[in-house]
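> Please find one structure pasted underneath; my questions will follow.
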Amino acid sequence: MKVLQIFLACFIFLIGQVALSYAVDPKGEVIPVPVNEGIHWGGSVDISETTLIAGYGSKFGNFGNDDGVYIMEQKGEEWEVLNHFPSPNQGRINYFGLAVALEENLAVIGAPEQGGNLLKGGLGLLGEGPGRVYVYRRGSGGNFALMEAFSANDARDLDRFGFAVDISGTTLVVSAPLHDQEKGAVYVYTLEGDEWKQQAQLQADDGGRKNRFGWDCAISADTVVVGAPLAAAPDRHSGAAYVFKRKGNVWKQTAKLAPHDGDGGDHLGLSVDVSEGHAIVGAHRDENHGNRRVSGSAYIFSEAGDTYTQEAKLTADKPQEGASFGWTVAIDVNRALVSAPFADTKIGDDSGAVYAFLKVGPNWVLQAIVMPERGQGKEGGDLMGYAVALDGKFGRDFNYAAIGVPWEATPEHLDEGSVYLFDTEDINNLNIPLSKNIEDFKIPLSVEPTDDLALIMLGDIKRTALLQNFPNPFNPETWIPYTLANDAKVKVRIYDVQGVPVRQLDIGRQRAGRYLNRQTAAYWDGRDQSGASVASGVYYYTLEAGAFSETRRMVIQK
């Protein structure tokens with residue numbers, strides 16, 4: 001079964017720079033709502049190894065009346081339902097499943113509207129209760145059962161407790177972004193025996209009214225990141241993210257994250273995630289390319305002690321007005337997902353897309369663009385990426401990513417929704433069938449650039465730039481051309497598709513100039529650092545020249 005299309009951009013020089021897209025067929029699945037009981041399946045998702053959790057809701061967007069959550073398990077090549085949890089407070093508006101989190105044998109479901117008096121079928125869109133969180137634990141038989149349900153000890157109506165949830169080990173974080181006149185709060189709980197005990201209540205040290213601290217929150221071990229998209233940092237609604245660290249049983253704010261180019265209306269912090277020394281923060285209303293286009297972006301910050309520095313700014317390859325790039329984000333070690341659910345694609349308007357990035361050396365490289373298989377046509381978009389998740393187990397046997405597409409059509413229903421599931425090792429691999437030859441793909445081989453050709457390609461060759469290797473694809477050797485604006489110490493590092501170093505070419509200090517041909521360009525013989533020939537596939541090469549760093553992709557085909 002053909003499951004999803006991933007378009008990988010491969011840059012090839014032939015009288016200029018040509019961008020090609022590959023449609024590949026990774027080992028993934030498109031999972032419809034299991035029993036067709038609800039619509040907007042995939043409005044929330046999380047995944048842990050071979051267990052998937054996703055929510056649905058049938059009225060007014062993703063969640064309202066008739067909400068529920070499915071937990072599924074991979075068994076062989078199929079994904080089977082372990083549990084179906086409909087809203088436990090049927091008849092009232094709960095938004096049960098608006099947020100979900102999964103960590104091995106623990107599942108968390110937020111119901112941020114529960115506790116109010118508004119009835120199903122009424123005119124209200126919100127339940128207007130304080131909110132509630134449900135925690136389920138997997139038993140010896142493999143199924144999940146309710147362990148505990150609770151609200152904040154100081155909960156008030158309209159707090160939205162359970163609006164965002166996340167779990168790491170036996171530590172749980174739950175947000176209430178409208179708590180305390182919409183300043184917002186995040187509650188930290190730890191599992192003691194069979195009970196969840198509150199360990200801390202987190203608030204921003206400079207929090208203000210209507211900042212909505214806790215619109216999203218994430219935890220990894222002893223680090224929590226919280227988004228406040230309406231904070232003034234420094235301008236109105238520019239947004240911010242806050243980092244908290246646990247030492248012993250005490251949590252303390254250690255950093256406030258804001259980008260170098262942030263300004264009013266960016267809504268930084270609408271989405272956040274954290275993983276092993278890196279935080280990613282979405283700003284879905286950021287303006288890009290100096291043209292006031294509100295297309296969105298995401299920022300990655302790296303940790304050094306208790307401080308964080310901006311490491312990268314991620315944007316779509318072709319930013320679109322109103323695409324909301326950065327609506328949801330996920331990060332795991334050296335992988336990242338960023339959604340743009342309102343992007344227009346060939347599938348249709350607002351069909352949405354999700355962008356996969358890989359850290360290669362010091363750079364974050366766009367790996368793939370995932371788009372829905374089937375569109376809504378004139379009825380509206382699919383909103384792919386309304387929810388995204390990575391499994392957080394990088395380097396293990398399972399490296400799954402999940403993407404919610406809550407408005408995708410099925411043969412049975414227009415807005416049934418689905419969850420796209422794939423192995424990130426496949427998304428990182430071009431997967432060109434090696435039984436076919438290059439001509440089958442109509443890929444022009446790179447040519448050795450000359451000064452005149454470099455001038456056409458670069459416009460002004462009096463700058464430092466990395467060019468496409470030639471030939472590409474290649475076997476067994478290739479040359480890597482570049483130009484230097486100033487004298488610099490030059491290195492070329494080569495990585496595999498998982499971002500693991502393969503070879504380092506120490507070129508040494510070089511004068512400013514053009515290094516374009518076989519006599520002057522960097523040369524790689526297709527061998528790793530130990531001298532062994534590397535396997536066929538996709539590799540990345542990074543040029544480091546002083547403060548300059550740039551990465552490109554190349555293909556070995558044997």
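The values are calculated or read from the model by the stated rules, or taken from the named source; none is laboratory data. Computed from a predicted model, the values in this text were never measured in an experiment. Cβ sites come from the backbone with ideal geometry, for glycine too, and all protein chains shown count toward neighbours. Areas reflect the complete protein model, heavy atoms only, side chains present, ligands, DNA and RNA absent. Shrake-Rupley method; radii C 1.70, N 1.55, O 1.52, S 1.80 Å.
> Quick one: in the range 508-538, which of the residues that are closer than 20 Å to PRO449 by Cβ and either aromatic (Phe, Trp, Tyr) or open to solvent by 60 Å² or more (accessible area, probe 1.4 Å) (or both) is nearest to the chain's Cα centre (by Cα)? Steps first, please.
Applying the first criterion (closer than 20 Å to PRO449 by Cβ) to the range 508-538 yields 510-524.
Pick out the ones that are also either aromatic (Phe, Trp, Tyr) or open to solvent by 60 Å² or more (accessible area, probe 1.4 Å) (or both) and you get 511, 514-515, 518-519, 523-524.
Values: ARG511: 40, ARG514: 37, TYR515: 37, ARG518: 39, GLN519: 42, TYR523: 35, TRP524: 33 Å.
So the residue we want is TRP524.
> Let me ask something else about it. For the range 496-531, which positions are of a type in the set (A, V, I, L, M) and either closer than 25 Å to LEU358 by Cα or in a strand (DSSP E or B) (or both)? First the steps, then the outcome.
Start the filter on the range 496-531 by keeping residues that are of a type in the set (A, V, I, L, M), which leaves 497, 500, 502, 505, 507, 512, 516, 521-522.
Answer for the range 496-531, where residues must be of a type in the set (A, V, I, L, M) and either closer than 25 Å to LEU358 by Cα or in a strand (DSSP E or B) (or both): VAL497, VAL500, VAL502, LEU505, ILE507, ALA522.
> Any idea which of (1) touching a helix residue (DSSP H, G or I) at 6+ places or on another chain (Cβ under 9 Å); (2) more than 15 Å from ASP266 (Cβ to Cβ) is the one ASN211 doesn't satisfy?
For ASN211, the exception is condition (2).
> Mind checking whether some residue in the range 84-93 is in contact with a Pro (Cβ under 8 Å, 6 or more places away or on another chain) and open to solvent by 50 Å² or more (accessible area, probe 1.4 Å)? Give the steps one after another, and end with the answer.
Within the range 84-93, the first condition is being in contact with a Pro (Cβ under 8 Å, 6 or more places away or on another chain), and the residues that meet it are 84.
Remaining after also requiring open to solvent by 50 Å² or more (accessible area, probe 1.4 Å): 84.
Yes, the range 84-93 contains a residue that is in contact with a Pro (Cβ under 8 Å, 6 or more places away or on another chain) and open to solvent by 50 Å² or more (accessible area, probe 1.4 Å).
Matching residues to (1) at pLDDT below 95; (2) buried (at least 19 other Cβ atoms within 10 Å of the Cβ):
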site: ASP460; (1), (2): yes, no
site: ARG463; (1), (2): yes, no
site: LEU466; (1), (2): yes, yes
site: PRO473; (1), (2): yes, yes
site: PRO481; (1), (2): yes, yes
site: VAL492; (1), (2): no, yes
site: LEU505; (1), (2): no, no
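> Let me ask something else about it. Sort out which residues of the range 179-205 are exposed (fewer than 15 other Cβ atoms within 10 Å of the Cβ) and either of a type in the set (D, E, K, R) or in contact with a Leu (Cβ under 9 Å, 6 or more places away or on another chain) (or both), and write them in order of number.
Of everything in the range 179-205, those that are exposed (fewer than 15 other Cβ atoms within 10 Å of the Cβ) and either of a type in the set (D, E, K, R) or in contact with a Leu (Cβ under 9 Å, 6 or more places away or on another chain) (or both) turn out to be GLU192, ASP194, GLU195, LYS197, ASP205.
> What are the pairs with Cβ atoms under 9 angstrom where one residue, in the range 390-410, is small (Gly, Ala, Ser) and the other, located anywhere, is at pLDDT 75 or above and open to solvent by 50 Å² or more (accessible area, probe 1.4 Å)? Sequence gap at least six, or different chains.
Qualifying pairs under 9 Å: GLY404/TYR386.
> Further question on the same structure: Here are ASN143, ASN153: which of them is touching a residue at least 60 places away in the same chain (Cβ under 8 Å) and of a type outside the set (Ser, Thr, Tyr)? Before the answer, list the steps.
Numbers: ASN153 fails: touching a residue at least 60 places away in the same chain (Cβ under 8 Å).
After ruling out the rest, the residue left standing is ASN143.
> Which of the residues that make up the range 161-187 are charged (D, E, K, R) and in contact with a His (Cβ under 8 Å, 6 or more places away or on another chain)?
We begin by selecting, within the range 161-187, every residue charged (D, E, K, R); these are 166, 180, 182-183.
Correct list: empty.
> Let me ask something else about it. Could you grab the pairs with beta carbons closer than 9 Å, sequence gap of 6+ or different chains, first residue in the range 81-106 and at pLDDT below 85, second one among the basic types (Lys, Arg) and not in a strand (DSSP E or B)?
GLN90/LYS120; GLY91/LYS120; ARG92/LYS120; ILE93/LYS59; ILE93/LYS120
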